[in-house]
1. Looking only at the stretch 49-81, filter to residues that are among the small types (Gly, Ala, Ser) and in a loop (DSSP other than H, G, I, E, B); which one of those is least open to solvent (accessible area, probe 1.4 Å)?
2. Which condition number does Arg196 fail, the rest of (1) under 25 Å from Gly144 (Cα atoms); (2) part of a helix (DSSP H, G or I); (3) touching a residue at least 40 places away in the same chain (Cβ under 8 Å) being met?
3. So, in the stretch 45-102, how many residues would count as being of a type in the set (Phe, Trp, Tyr) and touching a residue at least 60 places away in the same chain (Cβ under 8 Å)?
4. Looking at Asp247, is it open to solvent by 70 Å² or more (accessible area, probe 1.4 Å) and either more than 28 Å from Asp147 (Cα to Cα) or at pLDDT 95 or above (or both)?
5. Can you give me the number of residues within the stretch 109-128 that are under 29 Å from Pro278 (Cβ atoms) and open to solvent by less than 30 Å² (accessible area, probe 1.4 Å)?
6. Please find, within the stretch 263-286, the residue that is farthest from Ile63 (Cα to Cα) out of those that are surrounded by fewer than 16 Cβ atoms within 10 Å (Cβ to Cβ) and touching a Leu at 6+ places or on another chain (Cβ under 9 Å).
7. Failed condition for Val172, given (1) in contact with a Phe, Trp or Tyr (Cβ under 8 Å, 6 or more places away or on another chain); (2) assigned to a strand (DSSP E or B), with all others met?
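The values are calculated or read from the model by the stated rules, or taken from the named source; none is laboratory data. Since this is a predicted model, take the numbers as computed values, not measurements. Heads up, the Cβs are rebuilt from the backbone with ideal geometry, glycines too, and the neighbour counts pull from every protein chain shown. For accessibility, only protein heavy atoms count, side chains too; no ligands or nucleic acids. Shrake-Rupley method; radii C 1.70, N 1.55, O 1.52, S 1.80 Å.
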Amino acid sequence: MARNRRSRQEPAAVVEKVDGGLAELMPDRDRPRAWTLLVDGAPQSHVDLDDPAYLDFEYQRRIGHLADLVAPPGKPIQALHLGGGAFTLARYIAATRPRSTQQIVERDTALIQLVRRELPLDPGARIRVRGTDARAGLAKIADGWADLVIADVFSGARTPAHLTSTEFLTDVRRVLRTGGYYAANLADGPPLTHLRGQLATAAALFPELALVADPAVLRGKRFGNAVLLAGDRALPVAELTRRSASDPHPARVEHGRGLRDFSGGAVAVTDANAVSSPAPPPSVFR
């Protein structure tokens, strides 16, 4: 284990071995108490301790928009986070919706310890962190507990196969209360087979779907992130479209007929045929 201690004048990187590989906390030179978490060179999270409502990563901004719209502004919610990273979105909800109750499920217990030590949570935030597999942790959540479930789980920059199936989403649907929303961070590149399969899988469980992504990703021009949104009630598509279009890196929102056409006849994934998401090309993180 190697660790570079930070000086008071110039913050230094913190580097430690965790269960999932080599974790690095890199200081943000533009924001005095902000850090980027990387695991084996893949960016995982960005946290600003002075401004937890600031979301730097594009996909986290897009999920943040849904968190803003799941209930009236400022109203506390109950949120479940599958995949912890540096707890960025839990911090965001705690800052924008005080008194919210949240649970984080993160398999990498060494990473949890690193983040808790170097990027401590607000002690007043109602955030519980469980060190276990995402699907095992999901199984322990009570029926109808969550207003919002966020899935952002990667192992070696790939989503594990057992978190891509209809069986997994059946349990997500069980945990969501009526009117709740589900958001998943997905990563894929041309020919977008994984992304289309995940849309078909979600369509088997949820009547309302939307997809938010960079237009170049949706056109299959490059590898990147797409945020899948789902629920049993209408999604706030118009407001999501407005917010996504005004982001620093504008995104497109697909829904309805356009999303069905995009799926291209893909079939739902089950535990029997599930595979992990594709590995990103080396050029993605250069």
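1. Ranking the qualifying residues of the stretch 49-81, first place goes to Ala71.
2. It is condition (1) that Arg196 fails.
3. 1
4. Answer is no for this residue.
5. 5
6. Gly264
7. For Val172, the failing item is (2).
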